[in-house]
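First up is the structure itself, then whatever we jot down about it.
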Amino acid sequence: MNKRESVFHSSFILQHQEAVYPVQRLSPPSRVSLAFVCLTAAILAIAAVAGLVPDRNGAILDGRKALCEQMAVHASLAAQRGDLAAVRASALAAVRRNPDIVSAGVRAADGRLLTEAGDHRLHWAPAVGGGATQMRVPIALQGQLWGHLELRFRPLDGGAWAPLHNPALLLLAFVAVTGFVAYSVYLRVLFRKLGLAQSSVVPRRVRTTLNTLAEGVVILDKHHRIALANEAFARLVGLPAADLPGRDVSEFSWTGPRVHGGDAGLPWERALGEGAAQTGTILGLLQDRQAHTLSVNSTPIVGEDGTPRGAFATFDNLTTIERKNAHLRKLLQKLKVSRAEVRRQNQELKVLATRDPLTGCLNRRAFFGEFETHWSASARHALPLGCIMVDIDHFKGINDTHGHGVGDQVLQHIAATLRSLVRKTDLVCRYGGEEFCILLPHTDLADSALAAERYRAGIEASRCGAIAVTTSVGVSALNLGAHEPRELLDQADKSLYAAKRGGRNRVVRWDEILDKPELARAEPRQSAPPGPPCDVAIPFHAVTALLSALAYRHADTAEHSRRVADLCVATASGLMTQSECYILEVAATLHDIGKLGVPDAVLLKPGPLTADEWKVIRTHEGIGDEILAAAFTSDELSEIVRSHHCWYGGSPHDPDLPHGKDIPLGARILMIADAYDAIVSDRVYRKGRSRLEAFAELRRCAGVQFDPDLVERFVEAVLARDETRAPTAVPFSKQTALKIGVQIEKLASALDAEDHRGLATMAGYLSATARAHGLAPIAETAARLERSAGSNPNRVEVTQLTVDLLDLCRATYRCYLPGVAEDISA
């Protein structure tokens, strides 16, 4: 039934209802009540005719007669004594006590008025004679007539208002009025109970059709009384539908209405008053202590003559929607707060992930990324760029004399001093064990040298407790001919070596030793044949991109690669130039990049591999070689990765491979670090072994698989590093936590933009990342969000899942942000 048909049937109901439930004439209960009153009056009239109703005037008349006889006896006694004064006093007393007596007098037999009370001469009318108004009683004395007692009474009829004093008429009027009221109230209640107001005028098919509607429907007369209500409205107000006809719809507990810009009464009142439809009015209804929110539409119903007959109103229950909207508003507010907190924590975690945990300076990887960015900007815009390397003099002696705890304090002191002396735009990095590197954007060689001298003097002037510390400083700049960042670092490092050879606690510039190779650092690889000079740049941004791809495919392998790179750098310090050390670090970071091409069934297998699966795994070496050759075209880099599986004593599976010192130094270091981390790391099919057990295994295989000299150097480097490494049971790195935080930030942005496709995509990425790192709660919640946002998204559910993810993300940060140190050297 559409709205037009509903209004038509409403008009039909009201028109036919006028015959049974008229609007302009008496209602059926009133008409029946009037009939009952007439019947009752007829019964009373018959009772009066039959003498069953008491005669008030007759009773008064009898009383008056009795009074006259009593006064006549008293006057007769007084006359016998000849006491006229007593007769007069008795008459006066009677007039005063009885308001019905107007006057009284005693008249002698000859007609003389002997005594009177109340101006009897004026009121007495001799012509009237006896009756209800005048009474005359004879007085006898010694058997003869002595005189008469005359009493004048007020009339019994009351004059013009006599009918109002008629008891029968008063009784009839009282019964008529009270009976009509009582009968009307009773019959109205009875009609409502029996449903007589609608059952005889509303077609059954109309009621059935209205009852099928989900929204409440009410038809009202012009006095706002319900003529018809469907079951939906009855459920809404908590009453049976049969009890609603005849009730004023305004008597329910409505709240509001909230109208656009004003309040003009209830919608059906406005519809009848303005003669126009009222739509979209929001009303509240309190029923059984529950608040309902309704959207009400109302339209007037007019007759053929154009006069209003009533109103048609619909009630759409918005309570569930309003509750969902209120819940959604709370979720959005919580999402806003949580998102701001995650953004703040991401910034803090970004600092942790890019800082050395001991000194607070940039770590190597963060520094390389920043260095590459500044290098590109300087080369593109011909801007100067300075580089300074700082090394603590006799630091090994400080550790040996005072212990590693004091050595850590010295490192922190030097770092704090350098940060206090540099500009805000300068970058300070802890480059190695006791080495620091400072990048000075927009600074030429001369100014860089001045800054280096300021750093050296500032460190010399400040003491770390009781320990005096000095530093050796090397300086270079972009204008001295470096072709790539690592070459500039190498120049500064060689200048640093020259400063140390020149007596320490001094600053040496690269241009001062450019033509004096004997002052530069000696070639550390004297036992290995020199390779060709490497003049091919290796962009560190490309390195991090490849590592991110590997982390997405297999997070454990990426974490293993980072750890191995850290171990290689720690071992190579002092053995290799900065340029060579950089290539080794890149090689260690990407030595397993070929696993990108290994099938998931083998790469992600949660258990030991079969012989055939090991063959598949070994194919990653060739795949990795192809990836590195295509990405960087660096022969030195490819040679390290290609050779890091060669055994020092000769490879049993391929005797033609290089062995001994023919294996590149970087490859030998990488092989030891790779094996060590594999031994100490947990696998799904075995528990990792302890550090001492790993050292014993390396030493056992020294001379056969590993370079024995490098094994001992590696052990020393690990022990020295672990002295300053805070223990942690965190199963994932700061990079993982930061990656998850950034992905969730993007996910929240997609939710703000209502980009459900992007939201589902980001949720899928997040689920894969979390699952790869063993973060099951985040992975499961993200998977649910992916499904929820994928098809017919429910905004409340999607927002709730996003809030849950933000809360879980914040929980992953707790292991880092409160100060738990983790030296991943990220």
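The values are calculated or read from the model by the stated rules, or taken from the named source; none is laboratory data. Just so we're clear, the structure is a prediction, and the values are computed from it rather than from any experiment. Note that each Cβ is placed from the backbone with ideal geometry, even for glycine, and that neighbours are counted across all protein chains shown. These area figures cover heavy atoms from the full protein model, side chains too; ligands, DNA and RNA do not enter into them. Shrake-Rupley method; radii C 1.70, N 1.55, O 1.52, S 1.80 Å.
Residues in the stretch 654-679 that are under 28 Å from HIS554 (Cα atoms) and either acidic (Asp, Glu) or surrounded by fewer than 16 Cβ atoms within 10 Å (Cβ to Cβ) (or both): ASP674, ASP677, ALA678. Answer with yes or no whether LYS595 is closer than 15 Å to ARG562 by Cβ and open to solvent by 20 Å² or more (accessible area, probe 1.4 Å). The answer is yes for LYS595.
From the list THR293, THR279, which residue is open to solvent by less than 70 Å² (accessible area, probe 1.4 Å), over 30 Å from GLY741 (Cβ atoms) and not in a helix (DSSP H, G or I)?
Working: THR279 fails: open to solvent by less than 70 Å² (accessible area, probe 1.4 Å).
Testing whether each residue is open to solvent by less than 70 Å² (accessible area, probe 1.4 Å), over 30 Å from GLY741 (Cβ atoms) and not in a helix (DSSP H, G or I) leaves just THR293.
Cβ-Cβ distances below 8 Å connect the following pairs, each with a first residue in the stretch 62-73 that is under 10 Å from VAL137 (Cβ atoms), a second residue that is among the hydroxyl-bearing types (Ser, Thr, Tyr), and a separation of six or more residues or different chains: MET71/SER90.
If you go through the stretch 475-496 and keep only what is open to solvent by less than 30 Å² (accessible area, probe 1.4 Å), outside any strand (DSSP E or B) and among the small types (Gly, Ala, Ser), you end up with ALA482, ALA492, SER495. Residues in the stretch 777-794 that are open to solvent by 50 Å² or more (accessible area, probe 1.4 Å) and not charged (D, E, K, R): PRO777, GLY790, SER791, ASN792, PRO793, ASN794.
Collect the residues in the stretch 548-577 that are open to solvent by 10 Å² or more (accessible area, probe 1.4 Å) and in a helix (DSSP H, G or I), keeping them in residue-number order.
Just the residues of the stretch 548-577 that are open to solvent by 10 Å² or more (accessible area, probe 1.4 Å), to begin with: 548-549, 552-554, 556, 559-560, 562-563, 566, 569-570, 573-577.
Listed by number, the residues that qualify are SER548, ALA549, TYR552, ARG553, ASP556, GLU559, HIS560, ARG562, ARG563, ASP566, VAL569, ALA570.
The lone criterion from (1) surrounded by fewer than 20 Cβ atoms within 10 Å (Cβ to Cβ); (2) assigned to a strand (DSSP E or B); (3) small (Gly, Ala, Ser) left unmet by ALA379 is number (2).
With respect to the stated conditions, PRO138 fails to be surrounded by fewer than 14 Cβ atoms within 10 Å (Cβ to Cβ) and assigned to a loop (DSSP other than H, G, I, E, B).
Please indicate, with yes or no, whether at least one residue in the stretch 121-130 is of a type outside the set (A, V, I, L, M, F, W, C), assigned to a loop (DSSP other than H, G, I, E, B) and modelled with pLDDT of 80 or more. No, there is no match, as no residue in the stretch 121-130 is of a type outside the set (A, V, I, L, M, F, W, C), assigned to a loop (DSSP other than H, G, I, E, B) and modelled with pLDDT of 80 or more.
Only one residue in ALA537, ALA601, ALA545 is surrounded by fewer than 22 Cβ atoms within 10 Å (Cβ to Cβ), in a helix (DSSP H, G or I), small (Gly, Ala, Ser) and modelled with pLDDT under 80, so which one is that? The unique qualifying residue is ALA601.
Quick check, is VAL742 at pLDDT 80 or above and β-branched (Val, Ile, Thr)? Steps first, answer last, please.
Working: at pLDDT 80 or above: no; β-branched (Val, Ile, Thr): yes.
In short, no.
Within the stretch 640-656, being touching a residue at least 12 places away in the same chain (Cβ under 8 Å) and over 53 Å from the mean Cα position of the chain (by Cα) holds for ILE640, ARG642, SER643, HIS644, HIS645, CYS646, TRP647, TYR648, GLY649. Only one of the numbered conditions (1) surrounded by 13 or more Cβ atoms within 10 Å (Cβ to Cβ); (2) at pLDDT below 80 is not met by PRO54, and that is (1).
Any chance you could count how many residues in the stretch 59-72 are over 12 Å from ASP100 (Cβ atoms) and either exposed (fewer than 13 other Cβ atoms within 10 Å of the Cβ) or of a type outside the set (A, V, I, L, M, F, W, C) (or both)? Residues in the stretch 59-72 being over 12 Å from ASP100 (Cβ atoms) and either exposed (fewer than 13 other Cβ atoms within 10 Å of the Cβ) or of a type outside the set (A, V, I, L, M, F, W, C) (or both): 6 in total. Does VAL586 qualify as being modelled with pLDDT of 80 or more, under 20 Å from ALA675 (Cα atoms), touching a Phe, Trp or Tyr at 6+ places or on another chain (Cβ under 9 Å) and open to solvent by less than 40 Å² (accessible area, probe 1.4 Å)? So VAL586 passes the test. Taking first residues from the stretch 302-329 that are in contact (Cβ under 8 Å) with a residue 40 or more places away in the chain and open to solvent by less than 70 Å² (accessible area, probe 1.4 Å) and partners that are among the basic types (Lys, Arg) and in a strand (DSSP E or B), the Cβ contacts under 7 Å between residues at least 6 apart in sequence or on separate chains come to GLY303/ARG309.
Applying the criterion of being within 26 Å of VAL586 (Cα to Cα) and of a type in the set (Ser, Thr, Tyr) to the residues of the stretch 666-704, the residue that is nearest to the chain's Cα centre (by Cα) is SER681. The residue that is modelled with the lowest pLDDT, among those in the stretch 624-676 that are closer than 25 Å to ALA696 by Cβ and among the hydroxyl-bearing types (Ser, Thr, Tyr), is SER651. If you go through the stretch 716-739 and keep only what is farther than 23 Å from ARG365 by Cβ and modelled with pLDDT under 80, you end up with just ALA729.
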